[in-house]
Amino acid sequence: MPDSPFLVVEDLQVSFTTPDGVVHAVDGVSFGLRRGQTLGVVGESGSGKSAMSLAILGLQTGRTSRVSGRILLDSEDLLAVPRARVRDLRGSAMAMIFQDPLSALHPYYTVGWQIAEAYRAKTSASRKQAWARAVEMLGRVGIPQPAERARDYPHQFSGGMRQRAMIAMALSCEPELLIADEPTTALDVTVQAQILELIASLQAELHTAVILITHDLGVVAEVADETLVMYSGQVMEQGTTDQVFAEPQHPYTWGLLSSVTGLNRPRRDRLAAIPGAPPSLIGLPSGCPFRPRCPYESQTGGLAETARPALREATPGHWVACHLTDPVRAQLYAEEVQPAL
C-alpha cells in the first residue's frame, strides 16, 4: 500500500555487556516512517539516539551487543535475515551521514576516491564510471569545481564541504532510507541552513525517508514531519512535529523546550535547565526513568516510583509515556509551563 510505512521499528532493544553490568542503550522503541518523510529524534546525550540508528543499519554486531525486536525495511526484517543481506542493503537501500565527517572520511585517500569506492562496492560500475559518479555527486551537493576538488584530501575541505562530501557518498547509490546523525554539529548557522536545505532538496528528488538525529530543537521544528523524544533509551513522547512543539505532553519535553531560546519565543536573560543529569543506563531507577528529575513526581500517586509508564495515545496520533493524568498535565502545562516558554 502506498501509505504504509517504508521503515517499521517494533520494540527495539539494544544492550551491551560491560565489566560494570549490562547497558540498556535502547529499551522498547517503536515507530514507523514513510517514504519522503522526515523523523526528528531528539534527546540529551546518552538517550539512545545513535545506538538506535546503528542498530537499524545493522552495525550493532559486536560480541558484547544484543539487539532484539523487529526492524522492517520495506517489509523485510533486518534482524531475521543473514548479516550478508544487511551488508548488501547498507549503502544501497539505506545509508548514514555520520556526526563527524573528518573522522568518518579516511585521511589517506582523496574524497573522490572514497566516494567512487563506496559506489563500486554496491554497483557493477567500472573505476572510470565510479569516478564520474563521484564527480557528479560532488557537483550535486554544491561543491564548486567538483572534478578538481574530487582529487583533494579531506583535510583540504572545510567542515561544511566535508559534510557535503559525506552526503554525496551516502546518496551516491540513491538509498531509500537516510539516517543523518547530527549533520550540522560544529557548523556555523549559514552552513547549517545550507546542509539542511541540501538534504531536503535531495530528499524531495529521490523521495527518501530521512531520520534526523539532533540536539537542535529548532532544526527539528523546521524540517521534521514527525518527532520522537527519547530519554534513557525509551520513547517519552512522539507525534507530528506540530503536535509535539505546539502541545507538548511530557514533562521532559517541557524541560527541553524551556532550555532553548528562539522558536518564536521572547528572549530571556537566563535559560531554564532540567535539574540533575540523565541516569546511568546500567542501573536505571525503578518506575519512570525521568522520575529523579521530574518536578511533578509527587502528583502521580506513587506510580512514578513503582511502574514504568506505558506509551499511550493522549490525543489522536500523539503518544506520551507519563503517569500524570491528561487533565493534570493539561492544567500544569497551561498554568506553569506554557507561560514560562
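Dipole of the chain (Lys/Arg Cβ +1, Asp/Glu Cβ -1, origin at the Cα centre): which of Pro144, Ser259, Ala93 lies farthest to the positive side? Farthest towards the positive pole: Pro144.
Here the chain is treated with +1 on each Lys and Arg Cβ and -1 on each Asp and Glu Cβ, and its dipole about the Cα centre works out to around 1100 debye. Charging the Cβ of each Asp and Glu at -1 and of each Lys and Arg at +1, and nothing else, the dipole of the range 201-248 about its Cα centre rounds to 160 debye.
Nothing charged except the Cβ atoms of Lys and Arg (+1) and of Asp and Glu (-1): what's the magnitude of the dipole of the range 1-105 about its Cα centre? Round to the nearest 20 debye.
Computed charge dipole of the range 1-105: roughly 300 debye.
DSSP bridge analysis restricted to the chain gives an antiparallel fraction near 65%, rounded to the nearest 5. Each of Lys128, Lys49 was scored by other Cβ atoms within 10 Å of its Cβ. Arranged with the fewest first, they read Lys128, Lys49.
Projecting label points 7 angstrom from Cα along Cα→Cβ for Glu10 and Ala125 puts them 3.7 nm apart. Kirkwood radius and radius of gyration were both taken over the C-alpha atoms of the chain, and their ratio Rg/Rh is 0.99.
Long hydrophobic helices in the chain, taken as whole DSSP H segments with a C-alpha length of 24 Å or more on their own axis and mean Kyte-Doolittle hydropathy at least -0.5: 189-206.
Quick one: length gained pulling Thr325 to Arg63 fully straight, 0.36 nm per residue minus the C-alpha distance?
Values: separation 262, 0.36 × 262 = 94.32 nm, distance 4.22 nm.
Working it through step by step, the gained length comes to 90.1 nm.
Values quoted throughout were computed directly from the atomic coordinates according to the rules given, and no laboratory measurement underlies them. Everything numeric in this text was worked out from a predicted model, so none of it was measured. A quick note on method: Cβ atoms are made from the backbone with ideal geometry, for glycine too, and the neighbour counts reach across all protein chains shown.
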